[in-house]
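Each value in this text was obtained by applying a stated rule to the coordinates, not by laboratory testing. Because the structure is predicted, anything quoted here is derived from the model rather than measured. Note that each Cβ is placed from the backbone with ideal geometry, even for glycine, and that neighbours are counted across all protein chains shown.
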Amino acid sequence: MQLKTIIVDDEPNNIRNIESILQKHCENIDLVGNANSVESANRLIKEVQPDLVFLDIEMPKGNAFDLLESLEDISFEIIFVTAYNQYAIKAIRFSALDYILKPINIENFKEAVNKAVEKATAKNNNDRLENFIKNINQKPAFDKRIALPTEDRVVFIPTKDILYCKGENNYTNFVIKDGSSLLVSRTLKEYEELLDEHGFVRIHQSFLINLKYIKSYVKSSGGYVIMENGEELSIARQRKELFLNKLQDNLT
C-alpha cells in the first residue's frame with residue numbers, strides 16, 4: 001500500500017532531509033507535497049487528503065496543535081518531528097502517537113513509518129489523535145485519558161479510574177477501579193514518567209499507585225499500603241520518603 005504523504009516543516013533543510021530518507025528507505029511512501037506554516041499546511045491537507053503527515057511542532061505563527069485544532073476531520077496518521085520540546089513529547093507519548101527526534105535516527109524513522117503503514121492498511125480510525133486533541137484542551141488534569149495499546153486494540157482509560165499499575169518485566173498491568181485489568185507491552189518506568197503529575201507515585205520496583213485509592217497506610221512490617229480493592233502493596237525502603245511526601249501533598 002502506498003501512503004500519500006506530506007511534510008510540514010518551516011525549515012527547507014529539514015524537508016529535504018526527510019524527503020531524502022523517504023526516497024532511500026521507505027518504498028511505501030508517495031510524497032505528494034510539503035508546507036511550511038499552519039495556514040499552508042491546512043490548505044494542502046484539504047487539497048490532497050494525505051494518509052500520512054510528517055509534522056514539525058514549532059512553526060511560524062502557530063504550532064502543530066493549532067493546525068490539528070483547525071481541521072474538521074483528521075483521517076490521517078501523524079509522525080511528529082521535534083528537536084527539543086519535552087513537554088510536547090510527553091503529551092504525544094501520553095496519547096500513544098509516534099514521534100521522531102531531530103537529528104533523525106534512520107532506524108527510528110523507518111520504524112515509525114512502518115507503524116503508520118500498518119495502521120493505514122488496517123484502516124484504523126485515528127481515535128488516538130482525537131484523544132490527544134481532547135487531552136490538550138481538557139481541564140482539569142484528572143479528566144485526562146491515557147491510551148493503552150494492548151495486543152489487538154488501543155483502550156482509552158481516564159487516569160482517575162486507574163487504581164495502580166504493576167510492572168511485569170517488559171509489561172505493565174493496569175488495575176482499574178471497576179475490577180478489570182489491562183496488560184500493556186511497555187515498561188512501568190515509562191508510565192511512571194507519564195502519570196507522575198496525575199497523582200501517582202512509584203512505591204516499589206513493581207508498583208505505581210494512584211494515591212487517591214489508598215485505603216490505609218500500614219507502618220509496620222517495613223511499610224505497605226492497602227488499596228481500595230483490598231490489595232496490599234509493599235513500599236520499598238528507598239521509596240518511602242518520596243511516598244510520604246507525595247501522600248502529604250495529596251492531602252493538602
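Just a few scattered comments:
- Rounded FRET efficiency, nearest 0.05, which uses the C-beta distance separating residue 118 from residue 242 and R0 of 51 Å: 0.85
- The share of alpha-carbon pairs in the range 1-65 lying farther apart than 20 Å comes to 22%.
- Across the chain, the convex hull enclosing all Cα atoms gives 140 Å³ per residue.
- Distant-in-sequence amide H partners of residue 51 (H built 1.01 Å from N, under 5 Å): 4, 5
- Between residue 186 and 172, the built amide H atoms are under 5 Å apart, and every one of these is 5 or more places off in sequence or on another chain.
- FRET efficiency, 1/(1 + (r/R0)^6) with R0 41 Å, evaluated for residue 101 and residue 215 via beta carbons: 0.45
- Square roots of 5 times each gyration tensor eigenvalue, C-alpha, the range 142-251, largest first, Å: 23, 14, 13
- Computed from the Cβ-Cβ distance with R0 of 22 Å, the FRET efficiency linking residue 48 to residue 1 stands at 0.85.
- Placing pseudo-labels 7 Å out from each Cα toward the beta carbon at residue 171 and residue 58 gives an inter-label distance of 4.1 nm.
- For residue 100, nonlocal amide neighbours, meaning residues 5 or more places apart or on other chains whose placed amide H falls under 5 Å from its own, are 80, 81, 82.
- Gain in span if fully extended, residue 24 to residue 185, counting 0.36 nm per residue against the direct Cα distance: 54.9 nm
- Cα long-axis angle, helix 240-251 against the chain (0 to 90 degrees, to the nearest 10): 80
- Nitroxide proxy distance, nm - points 7 Å out along Cα→Cβ at residue 228 and residue 16: 5.8
- Proxy reagent accessibility, fewest Cβ within 10 Å first, across 198, 25: 25, 198
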